[in-house]
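Undergrad: Encoded as structure tokens, here's the structure I'll be asking about.
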Amino acid sequence: MTRDEIRDIIIEIIQDIDEEAEFDGLDADAPLRDQLDLDSMDFLDIVMELRKRYQITIPEEEYPELATLNSCVNYLEPKLQSVAVS
Amino acid sequence: MKSLEDYQLIIIGGGLSGLAAGIRTARFGQKVLILEQHHFPGGLNSFYYRQGHILETGLHAMTNFAEPSNRHAPLNRLFRQLKLSRKKFQTHEQIGSEIKFQTHGLRFNNDFSFLESEIEREFPGSLDHFRNLAMKVQEHDPFALSKWQSTREILSITLRNKVLEDMLLLPLMVYGNSEEHDMDFGQFVIMFRSIFLEGFFRPEGTIRDFLDMLVEQYKKYDGEIRFQTKVAKIVTHKDRIQGVLLESGEEISCRAVLSTVGIPGTAHLSDWPLELEAYSGKMSFMESISILPSSQRQSVRSDSTIIFYNNKDEFHYSCPDTAIDDSWGVICFPENFQALEEGDVFQVRVTNPANYEIWRQAGSTQYEQLKTESYTKSQQTVGKIIGNYWKGAVFQDSFTPTTIERYTAKAKGAVYGSPLKIKDGCTPWQNLFIAGTDQGYLGIIGSMLSGVTIVNQQLLQ
């Protein structure tokens, strides 16, 4: 999966979690939590959705790696390298 | 990931906490089975039909009203967690409710400032004290694990007015306190927020539609549910659960069990050596439902959604010494929510505290007599408040603590379960967890959040 594809997947997952989420003007280097008003329960959903779709397990201590859109992409890139977009 | 067990998770009980937990786990691909002893889901919050009318049981209203835009409100968090559309969920807010004591009355609705103005009117000089209390409520995190604190003590210091204290406690205790006399402050905060700060509403349709929506969502994620299926035993081996044994003799294996049948019920199924007396709640109730023709609307004073009344000088939240205590209770008009269409009939539901032991010990003939006597006593008292509503009723039915015990798996008919809760859901077995009433979050929204929280904390990681 390319970096752009991973980015799209993250946005798709968040959109799926929150029907109201608004991505216009999103700063890829600022915390998603503040910009999209996500709480810890929403973050758990992102983690669980990644596990369900791509069988990747993210340990709780690594959740901070998912703070911004860019950090998500950086963190997931090696894990999703060999995965093709379905 | 293929597992050797039949299911990854078995949930005992298809009430609101079990259904919410089921949706949450099935949503992420786990193989889940819910076992429900009755024909219908819902547990305490269910329904039955008499003479073509649907009668709802359990809570009179849902609490925790929030507009869809308020993302962090419990109601909306719950909907996101279950992947249900909050926008499509139509709600009707209460018209307004009332706390009625001999000397004072307070009205409230889903606008907190209205309650503030009522307090200023009825208790001049107390508004600042009440605001201090509201501030304490806002600052307190009821979900952090903390030790028991006396609500009575905090209220007496903060409010400095016993009547006001009793008045505020009546709705909050009767809708969600498993302890007698006093209440844990954490629980008080949850109830204060859900009732005074957020408020009462009901969904479009009936509780049946609401339950159908949950079951449908659960099945969409391939969740399985079996009705009329009683669990005889939770099969344990050392510190782990291996599965469950059904009354039919069938054995089903699983990786984990989530029990929503209360601490005493779970202890019974698992041979958990517990001092059960400490986990048996004393607060049970008798409820009577009357169906009245709409022509009677004029003769019944029914401009409120819910009336909480107390005819004594003080309010004592405790198990009565008699079959029921009609000196305090709740009168609910289930049709009195905003923008509901008037039907041919309307209902009045009356709830009074009741003594489980007296009802249990009554033999079958005595039981019927006790029911009639208690009902008559209650309707005389309530008649003085709203008018003689029972005259002309087309249908009446009552349920008692023993009915509650039989249909809802609540030991001794204690609707709010054990006075001691297990907040983290853990048991002596590594893979057996408790959710629902005895985990601690109460009410329809609360019990569903309980199911979701225990799944998030214990079963998804």
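Values quoted throughout were computed directly from the atomic coordinates according to the rules given, and no laboratory measurement underlies them. Note that the structure is a prediction, hence the values are computed from the model and not measured. With ideal geometry, Cβ positions are generated from the backbone for all residues, glycine too; neighbour counts draw on all protein chains shown.
Undergrad: With only alpha-carbon atoms counted, please give the Rg and Dmax of region B:410-461, in Å.
TA: Values for region B:410-461 (Cα only, Rg and Dmax): 11.0, 35 Å.
Undergrad: Something else about it: Calculated FRET efficiency, residue B:338 and residue B:117, Cβ-Cβ r, R0 22 Å, to nearest 0.05? Can you show the working numbers first?
TA: Values: r = 20 Å, r/R0 = 0.90.
Efficiency, rounded to the nearest 0.05: 0.65.
Undergrad: Roughly how crowded by other chains is peptide A:38-45, in terms of the mean Cβ count from those chains within 10 Å of each of its Cβ atoms?
TA: Working: counts 2, 4, 1, 9, 4, 0, 6, 8.
Across the residues of A:38-45, the mean count of other-chain Cβ atoms within 10 Å is 4.
Undergrad: Could you give the distance between the Cα centres of region A:39-65 and region B:70-143, to the whole Å?
TA: 34
Undergrad: In addition: At R0 = 30 Å, how high is the FRET efficiency between residue A:52 and residue A:27 if r is their beta carbon distance? Nearest 0.05 is fine. Spell out each step's value before the answer.
TA: Values: r = 28 Å, r/R0 = 0.93.
Efficiency, from the Cβ-Cβ distance: 0.60.
Undergrad: Per 10 Å bin from zero, what fraction in whole % of the C-alpha pairs of region B:1-158 is there, up to the bin with the longest pair?
TA: The distribution over region B:1-158 is 8, 22, 30, 24, 12, 3, 1, given as percents.
Undergrad: Now for a separate question. Provide Rg and Dmax in Å for region B:65-116, with only Cα atoms included in the calculation.
TA: Calculated on Cα positions, Rg and Dmax stand at 15.0, 47 Å.
Undergrad: Would you mind pulling out the separation of the Cα centroids of region B:344-360 and region B:376-418, in Å?
TA: Region B:344-360 and region B:376-418 have Cα centres spaced 1 Å from each other.
Undergrad: In addition: Give the residue list of GluC sites (Glu not before Pro) in region B:241-284 that are DSSP loop and have at most 12 other beta-carbon atoms within 10 angstrom.
TA: Working: sites: B:247, B:250, B:251, B:275, B:277; in loops: B:247, B:250, B:275.
Of the GluC sites (Glu not before Pro), the ones in loops of region B:241-284 whose Cβ has at most 12 other Cβ atoms within 10 Å are B:247, B:250, B:275.
Undergrad: Compute the acute angle (0 to 90°) between the alpha-carbon long axis of helix B:112-122 and the principal axis of greatest extent of the alpha-carbon atoms of chain B; round to the nearest 10°.
TA: With both axes taken from Cα atoms, the answer is about 40 degrees.
Undergrad: Just list whichever of B:31/B:421; B:371/B:410; B:87/B:219 have alpha carbons separated by over 24 Å in the model shown. Don't skip to the answer; put the middle values down first.
TA: Details: B:31/B:421 28 Å; B:371/B:410 20 Å; B:87/B:219 21 Å.
As for pairs spanning more than 24 Å Cα to Cα, those are B:31/B:421.
Undergrad: Then there is this: At what distance in nm do the modelled label points of residue B:316 and residue B:84 sit from each other, each positioned 7 Å from its Cα along Cα→Cβ?
TA: 4.0
Undergrad: Using only the alpha carbon atoms of chain A, find the Kirkwood hydrodynamic radius as the inverse mean reciprocal pair distance, in angstroms to one decimal. Working shown, then result.
TA: Working: mean 1/r = 0.0769 Å⁻¹.
The answer is 13.0 Å.
Undergrad: I'm a student and want to see the number: the projected area of the Cα convex hull of region B:188-294, averaged over all directions, in nm².
TA: Numbers: hull surface 47.9 nm².
Orientation-averaged projected area of the Cα hull: 12.0 nm².
Undergrad: List the trypsin sites (Lys or Arg not before Pro) within region B:1-76 that fall in a DSSP loop (any state other than H, G, I, E or B) and whose Cβ has at most 10 other Cβ atoms within 10 Å.
TA: Within region B:1-76, the qualifying trypsin sites (Lys or Arg not before Pro) (loop, at most 10 other Cβ atoms within 10 Å) are B:2.
Undergrad: What do you get for the angle between helix B:16-27 and the principal long axis of chain B? Use alpha-carbon atoms, 0 to 90 degrees, nearest ten.
TA: 40
Undergrad: Still on this structure, I have one more. What does the convex hull of the Cα atoms come to per residue for region B:97-198, in Å³? Don't skip to the answer; put the middle values down first.
TA: Values: hull volume 9.7 nm³, N = 102.
It comes to 95 Å³ per residue, whole-number rounded.
Undergrad: Rounded to the nearest whole Å³, what is the per residue volume of the convex hull around the Cα atoms of the protein assembly as shown?
TA: Values: hull volume 90.8 nm³, N = 547.
Taking only Cα atoms, the protein assembly as shown has a hull volume of 166 Å³ per residue.
Undergrad: If you count, for every residue in B:414-427, the Cβ atoms of partner chains within 10 Å of its Cβ, what is the mean? Spell out each step's value before the answer.
TA: Details: counts 0, 0, 0, 0, 0, 0, 0, 0, 0, 0, 0, 0, 0, 0.
Neighbouring Cβ atoms belonging to other protein chains average 0 per residue here.
Undergrad: Of all GluC sites (Glu not before Pro) in region B:291-398, which ones are in loop regions per DSSP and have a Cβ with at most 13 other Cβ atoms within 10 Å?
TA: B:314, B:341, B:342
Undergrad: With runs of 4+ DSSP H residues as the only contributors, calculate the mean residue ellipticity of chain B at 222 nm using -39,500 (n - 2.57) per run, divided by the residue total and rounded to the nearest 500.
TA: Working: 13 runs with 146 residues, N = 461.
My calculation for chain B gives -9500 deg cm²/dmol from helical runs alone.
Undergrad: Just the Cα atoms of chain B: what Rg and Dmax do they give in Å?
TA: Here Rg and the maximum Cα pair distance are 21.7, 68 Å.
Undergrad: Applying 1/(1 + (r/R0)^6) with R0 = 45 Å to the Cβ-Cβ distance of residue B:301 and residue B:275, what FRET efficiency is obtained, to the nearest 0.05?
TA: 0.45
Undergrad: Which whole-number percent is the relative contact order of region A:17-86 (Cα, under 8 Å, 6+ apart)?
TA: Numbers: 41 pairs, mean separation 24.4, N = 70.
That works out to 35 percent.
Undergrad: In degrees between 0 and 90, to the nearest 10, how far off the longest principal axis of chain B does helix B:207-220 point, with axes built from Cα atoms?
TA: That works out to roughly 20 degrees.
Undergrad: Also, quick follow-up: Within 10 Å, count the other beta carbons around each residue, average over each peptide in B:37-48, B:115-126, and list them highest first. Don't skip to the end; give the middle numbers.
TA: On the way: B:37-48: 19.6, B:115-126: 15.9.
Going by the mean number of other Cβ atoms within 10 Å, highest first, we get B:37-48, B:115-126.
Undergrad: Can you give the log10 of the normalised intensity I(q)/I(0) at q = 0.15, 0.29 Å⁻¹, computed with Debye over equal Cα scatterers of region B:117-173?
TA: Log10 of I(q)/I(0), two decimals: -0.46, -1.36.
Undergrad: Using the alpha carbon gyration tensor of region B:305-358, what are the three equivalent-ellipsoid semi-axes (square root of 5 times each eigenvalue), largest first, in whole Å? List each step's numbers first, then the result.
TA: Numbers: eigenvalues 162, 35, 10 Å².
Ellipsoid semi-axes (Å, largest first): 28, 13, 7.
Undergrad: Something else now. Which whole number gives the average count of other chain Cβ atoms within 10 Å of the Cβ atoms across peptide B:77-86?
TA: Neighbouring Cβ atoms belonging to other protein chains average 3 per residue here.
Undergrad: Right, something else. Give the order of B:441, B:279, B:317 when sorted by the count of other beta carbons within 10 angstrom, beginning with the fewest.
TA: Numbers: B:441 27, B:279 23, B:317 19.
The order, fewest Cβ neighbours first, is B:317, B:279, B:441.
Undergrad: Answer rounded, prolate or oblate for region B:190-244, using the Cα gyration tensor with square roots of eigenvalues a ≥ b ≥ c: rounded when a/c is under 1.5, else prolate when a/b is larger than b/c, else oblate. Show your work: numbers first, answer last.
TA: Working: a/c = 3.07, a/b = 1.64, b/c = 1.87.
Oblate, because a/c is 1.5 or more while a/b does not exceed b/c.
Undergrad: Apply the Kirkwood formula to region B:288-428: the hydrodynamic radius equals the inverse of the mean of 1/r over all pairs of different alpha-carbon atoms; give it in Å with one decimal. Each step should come with its number before you reach the end.
TA: Working: mean 1/r = 0.0599 Å⁻¹.
Kirkwood hydrodynamic radius for region B:288-428: 16.7 Å.
Undergrad: Ok, one more. What order, most packed first, do the peptides B:424-431, B:137-144, A:33-40 have when packing is the mean number of other Cβ atoms within 10 Å of each residue? Numbers along the way, then the final one.
TA: Working: B:424-431: 17.1, B:137-144: 13.1, A:33-40: 14.6.
Averaged packing, sorted descending, gives the order B:424-431, A:33-40, B:137-144.
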